[in-house]
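Since the structure comes first, as structure tokens, the remarks are kept for the end.
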Amino acid sequence: MKALALKNIHKNFGKTQIIRGIDLSVLSGERIAIIGPNGAGKSTLFNLMSGRFAPTSGEIWLGDQRIDGKQPFEINRLGLSRSFQITNIFPKLSVFENLRCAVLWSLGYKYSFFKFLADLDDANKLAEQYMEKIRLDRKRDVLAMNLTYAEQRALEIGITIAGGAKVILLDEPTAGMSKSETLRFVQLIRQVTEGKTLLTVEHDMGVVFGLADKIAVVVYGEVIAFDTPDAVRSNPKVQEAYLGSAQTH
Amino acid sequence: MIVCLSYNMLLGQGGMLSFGHAVYTGLGAYIAMHTLNAAANGVLPIPVALIPIVGGLGGMFFAFLFGYVTTRKSGTTFAMITLGISELVFAMSLMFSGFFGGEAGISGNRVIGKPFLGITFGPPIQVYYLTAFYTFICVALMYAFTRTPLGRILNAVRDNPERVEFIGYNTQHVRYISFVIAGFFAGTAGGIGALNFEIVTAEVVGAARSGAYLLFTFLGGATFFFGPIIGAILLVLAFVLLSEFTKAWLLYLGLVFLFMVMFAPGGISSLLMMNLRLAAFGRLRNIWVAYLGLAVTALIGLAGIATIVEMVYHLQLNAAMGPEVRFAGFGLQTNSSHSWFGCVFLVVTGFGLFELARRQYLRDWGESQEYIEKEIKRREEAL
């Protein structure tokens with residue numbers, strides 16, 4: 001079954017064409033890595049899928065729902081959640097509160113103000129569970145802004161998955177981490193996205209080949225290859241456009 | 001107090017800097033007054049004790065109306081729109097004298113109907129109890145609000161509205177609903193005010209009043225729930241006591257606000273909390289000498305400044321009454337250079353010593369903070 005499908009997506013900013021006709025379909029449960037040189041349009045692609053921008057033309061389908069042009073919160077309610085390249089958490093709330101906020105909508109609490117948070121056993125339990133999953137349970141009451149960088153990145157992922165979305169987009173989850181942190185982090189991502197459809201933008205080739213079932217290579221707003229890691233590695237077009245130049249570094 | 005708390009619901013909890021909070025208090029007060037008069041004429045069978053709630057519903061209604069426009073945006077845009085609406089309503093209040101009563105305002109009499117259990121709300125003490133009752137209830141309700149899902153999401157909107165959109169919440173809705181709730185409490189406060197003063201004038205919806213709410217909420221401290229309560233107490237003290245003491249009270253107020261914003265943006269409550277933290281780790285006694293030094297030297301300097309200010313004001317306003325000013329028990333001659341030089345001397349020595357005390361204090365403070373950080377680390381590792 002298709003979890004996410006892009007049909008002939010275009011996006012222009014003014015006269016500049018950023019995305020120039022992308023078709024992509026992702027089966028549910030697949031782990032996709034999107035790679036490509038800087039400025040190729042990877043992050044823009046994520047912004048289109050998550051509703052931050054509306055595409056100039058084309059269709060985006062989440063399962064059997066058309067989502068292009070919808071607001072971010074509508075898309076989130078339909079089961080697509082994303083993380084951000086630049087850490088995007090609630091700095092003045094504690095780790096626990098961050099996660100609790102993230103689970104509230106999916107449990108149906110909406111804009112409720114006739115219930116006390118402390119009495120919402122399901123929300124509290126769920127938030128605790130996610131906190132253990134991302135291994136921040138020892139930092140429960142620490143304000144998010146006082147966490148280390150790696151912990152903030154973990155919290156970012158935690159907030160992203162806590163709403164229970166089936167399709168998860170991670171925008172450079174390991175950016176700025178050391179080698180050993182990255183290794184541990186990939187493990188963590190594997191665990192917490194178990195059974196979900198995962199799309200991730202990534203620069204670290206180790207992460208890409210370790211995590212992804214399939215790789216989509218985006219260059220100048222087009223997908224030039226979309227295949228298994230091995231096939232992508234040996235694809236001459238990819239080597240020329242991307243991997244080739246990367247290896248000369 | 002209720003107003004400041006309801007204002008803080010916007011500013012502290014939701015990060016919405018409103019320049020028009022008096023609109024909802026004021027309109028609530030007008031609605032309450034009209035209802036009171038209608039009840040007095042026997043048109044509406046509403047007991048006096050419930051009039052504040054009517055005011056609250058009035059405030060809520062207008063927040064519902066105007067909030068739809070204002071809460072669509074956040075940050076600076078939000079602030080500007082609230083300022084616009086505040087001016088709009090104030091201008092309207094002078095145009096539609098039927099509802100607003102023009103410059104004279106509208107008045108009423110809170111003693112209506114038969115006394116219930118001997119309570120007529122005639123004597124001020126009975127109104128005082130009613131006010132205390134409402135204040136208590138409203139404070140409790142607003143505190144409860146901070147612990148509800150909506151209250152927490154409002155904090156999240158303050159911290160990072162963009163991220164809230166990506167966890168399934170419409171930030172405009174969150175702001176809007178909170179704005180309406182804050183409007184209710186503001187209106188309730190207005191209703192109480194209407195009962196207390198038995199008169200409502202156009203000034204209650206004015207920008208100056210909105211500004212005062214903003215100022216004192218900030219002074220008290222927007223980051224803690226109880227901050228605005230301190231702010232509200234200061235508001236009353238400043239308006240009632242300080243204005244009795246001196247004509248220059250608005251100047252002093254402005255200066256205090258300026259220093260607060262520059263040096264303690266968390267307000268009085270954050271200063272309190274920081275020192276409580278110090279006390280909790282048993283470091284307060286290491287630093288109290290420095291505090292004493294600060295206080296004494298600051299007092300000397302401030303006394304000098306205050307004397308100069310008083311003399312200048314005297315020259316401006318009461319020069320006809322002769323050159324003598326009585327300030328803090330001293331007779332001062334505005335036409336003698338001795339007085340002026342004395343003041344300048346006070347200011348210079350005061351602030352010179354203050355600077356020395358401040359350096360010592362900063363050293364002590366830094367040491368204590370370091371100690372606390374270490375202590376926290378140690379306790380964490382001990383876990």
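Can you run phi through the Karplus equation (6.51, -1.76, 1.60; θ = phi - 60°) for segment A:130-136 and list ³J(HN,Hα) in whole Hz, with x for Gly and Pro?
Rounded to whole hertz, the list is 5, 4, 5, 4, 8, 6, 10.
Treat the count of other C-beta atoms within 10 Å as a stand-in for reagent exposure and order A:ARG153, A:ARG52, B:ARG277 from fewest to most.
Listing A:ARG153, A:ARG52, B:ARG277 from fewest to most nearby Cβ atoms yields B:ARG277, A:ARG52, A:ARG153.
Take every DSSP beta bridge whose two residues both sit in the protein assembly as shown, then give the antiparallel share in percent to the nearest 5.
Here the antiparallel bridges make up roughly 65 percent for the protein assembly as shown.
Short version: ³J(HN,Hα) in whole Hz for each residue of segment B:43-51, in order, from phi by Karplus 6.51 cos²θ - 1.76 cosθ + 1.60 (θ = phi - 60°), x for Gly and Pro, what are they?
6, 10, x, 10, x, 4, 4, 9, 4
Per-residue mean of other chain beta-carbon atoms within 10 angstrom of the beta-carbon, peptide A:102-112?
5
Treating only the Cβ of Lys, Arg, Asp and Glu as charged (+1, +1, -1, -1), what charge dipole size does the protein assembly as shown show about its Cα centre? Round to the nearest 20 debye.
Once rounded to the nearest 20, the dipole reads 500 debye.
Using only the alpha-carbon atoms, how far is helix A:179-192 inclined from the longest principal axis of chain A? Give it as 0 to 90 degrees, nearest 10.
70 degrees
Give me, ordered by chain and number, the residues 5 or more places off A:ASN12 or on other chains with an amide H under 5 Å from its own placed amide H.
It is A:ILE18, A:THR56, by chain and number.
By per-residue mean of other Cβ atoms within 10 Å, what is the highest-first order of B:82-89, B:27-34?
In descending order of packing, they fall as B:27-34, B:82-89.
If you line up the Cα atoms of the protein assembly as shown on their principal axes, what length do they span on each, largest first, in Å?
Projected onto the principal axes, the Cα atoms of the protein assembly as shown cover 98, 68, 52 Å.
Using only DSSP helix segments of four residues or longer, with each worth -39500 (n - 2.57), what per-residue ellipticity at 222 nm results for the protein assembly as shown after dividing by its residue count and rounding to 500?
Result for the protein assembly as shown, helices only: -18000 deg cm²/dmol.
Gain in length, B:LEU88 to B:MET273, computed as 0.36 nm per residue apart minus the alpha-carbon separation, to one decimal in nm?
62.7 nm
Take the Cβ-Cβ distance between B:LEU242 and B:VAL312 as r, set R0 to 22 Å, and report the resulting FRET efficiency rounded to the nearest 0.05.
In this case the efficiency is close to 0.80.
Just the Kirkwood number for segment B:183-315, please: inverse of mean 1/r across all distinct Cα pairs, in Å, one decimal.
17.2 Å
Only counting other Cβ atoms within 10 Å, I'd like B:GLU370, A:GLU97, B:GLU381 sorted with the fewest neighbours first.
So the residues, fewest neighbours to most, are B:GLU381, B:GLU370, A:GLU97.
Give the Rg/Rh ratio for segment A:2-247, taking Rg as the radius of gyration of the Cα atoms and Rh as the Kirkwood radius, to two decimals.
0.98
What does the average come to when, for each residue of peptide B:153-160, you count the partner chain Cβ atoms lying within 10 Å of its Cβ?
That average works out to 6.
Could you list which residues have their amide H under 5 Å from that of A:VAL223, counting only those 5 or more apart in sequence or on another chain, with H placed in the peptide plane?
For A:VAL223, the qualifying residues are A:ASP23.
Could you check the simple spin-label distance between A:ASN124 and B:TYR68, using points 7 Å along Cα→Cβ, in nm with one decimal?
For A:ASN124 paired with B:TYR68, the spin-label model returns 3.9 nm.
Return the FRET efficiency for the residue pair A:MET145, B:GLN360: r is the Cβ-Cβ distance, R0 is 30 Å, and the value is rounded to the nearest 0.05.
0.45
Once label points are set 7 Å from the Cα along Cα→Cβ at both B:ARG147 and B:ARG378, what is their separation, rounded to one decimal in nm?
3.4 nm
A:PHE53's amide H: which non-local residues (gap 5+, or another chain) put their own amide H closer than 5 Å, with H modeled 1.01 Å from N in plane and none for Pro or chain starts?
A:LEU48
Which of the residue pairs A:LYS70/A:LYS214; A:LYS42/B:LYS374; A:LYS42/A:LYS133 have a Cα-Cα distance greater than 32 Å in the structure shown?
A:LYS42/B:LYS374
From the phi angles alone, apply the Karplus equation (6.51, -1.76, 1.60; θ = phi - 60°) to segment A:137-142 and give each ³J(HN,Hα) in whole Hz, x where the residue is Gly or Pro.
Here the 3J(HN,Hα) series is 5, 7, 10, 2, 9, 7 Hz.
Rule-based calculations on the coordinates, nothing more; no lab input. Keep in mind it's a predicted model, so treat the numbers as computed, not measured. Every residue, glycine as well, gets a Cβ built from its backbone with ideal geometry; the counts of neighbours run over all protein chains shown.
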